[in-house]
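What follows draws every value from the coordinates through simple rules; no lab data is involved. Keep in mind it's a predicted model, so treat the numbers as computed, not measured. All Cβ positions, even for glycine, are placed from backbone atoms using ideal geometry, and neighbour counts span all protein chains on display.
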Amino acid sequence: MTSPYLETVALACERDWRLLFERLDLQLARGEMLQVAGPNGSGKTSLLRLLCGLMQPTAGEVRLNGKPLASQRSELARNLLWIGHAAGIKGLLTPEENLRWLCALHQPAERDAIWEALEAVGLRGFEDVPCHTLSAGQQRRVALARLYLDAPPLWILDEPFTALDKQGVAQLEAHLAAHCEQGGLVVFTTHHTMGQVPAGYRELDLGQRRA
Ligand SMILES: Nc1ncnc2c1ncn2[C@@H]1O[C@H](COP(=O)(O)OP(=O)(O)OP(=O)(O)O)[C@@H](O)[C@H]1O
């Protein structure tokens, strides 16, 4: 059996004195996709933030490649890519400038590669306009263009389908599935029903684990 790339051991999360989940044991190997489902407020975003090391668990541990996440902060950007619910795009910067500094966090990207990624997400012709002039869906596409650059194996994505049109949703589903089929891993939340998933797809329903 393949050893897990990402693992949680007896993970618990409490926010504002409310226990969202506890004793969560997860194992995710290369090629797998995990959709975190559940009603509003069930702790989906909180779980994703724990998996990225952006929040500390109330109890338990997150392990990446067998080692505690807390012990490998400096390597995290090389191993995982986080795209939060807010697209994280600076309005005054152009799509190219946004991607340049976002990529600098793990793997600096060349201009040609950035333009190709922007073309892949349908933003040809918008490479050098300020992002505040783009629509919500176009801004989401700028953030998602990172998935077409030299990205780390593990993608953690909070509601990546938000604001995308039908074509954008289908394209992103196919891209996420292809990433897993090529040995990558994806953990994501969405309220939308997936049309296309890889063989290694599974779902975790936090609504059913409510503490
Ligand atoms: N910054 C915060 N400080 C304190 N409590 C918070 C904070 N953010 C979220 N919470 C609480 O944690 C709980 C879970 O929130 P979380 O955002 O993880 O849920 P979610 O399942 O992602 O919800 P949604 O489907 O609405 O995005 C909620 O009860 C919320 O009030």
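Highest average first, the peptides 37-45, 70-78, 16-24, 139-147 ordered by how many other beta carbon atoms sit within 10 Å of their residues are 139-147, 37-45, 16-24, 70-78. Each of 190, 40, 200 was scored by the projection of its Cα onto the charge dipole of the chain, and the greatest displacement toward the positive side belongs to 40; charges sit on the C-beta of Lys, Arg, Asp and Glu.
When the Cα atoms of the chain are enclosed in a convex hull and the volume is divided per residue, what value in Å³ results? It would help to have the intermediate numbers written out before the result.
Working: hull volume 25.6 nm³, N = 211.
With only Cα atoms used, the chain gives 121 Å³ per residue.
Only Lys, Arg, Asp and Glu carry charge here, each on its Cβ (+1 for the first two, -1 for the last two); on that basis the chain has a dipole of about 500 debye about its Cα centre. In straight-distance terms, cross-link reach from residue 90 covers every one of the aspartates and glutamates whose alpha-carbon lies under 15 Å from its own, apart from those fewer than eight places away in the same chain; here that gives 127, 128. Highest average first, the peptides 8-15, 123-130 ordered by how many other beta carbon atoms sit within 10 Å of their residues are 8-15, 123-130.
Can you spot the aspartates and glutamates whose alpha carbon is less than 20 Å from residue 166's alpha carbon? Ignore those fewer than 8 places along the same chain. Straight-line reach from residue 166, under 20 Å: 119, 158.
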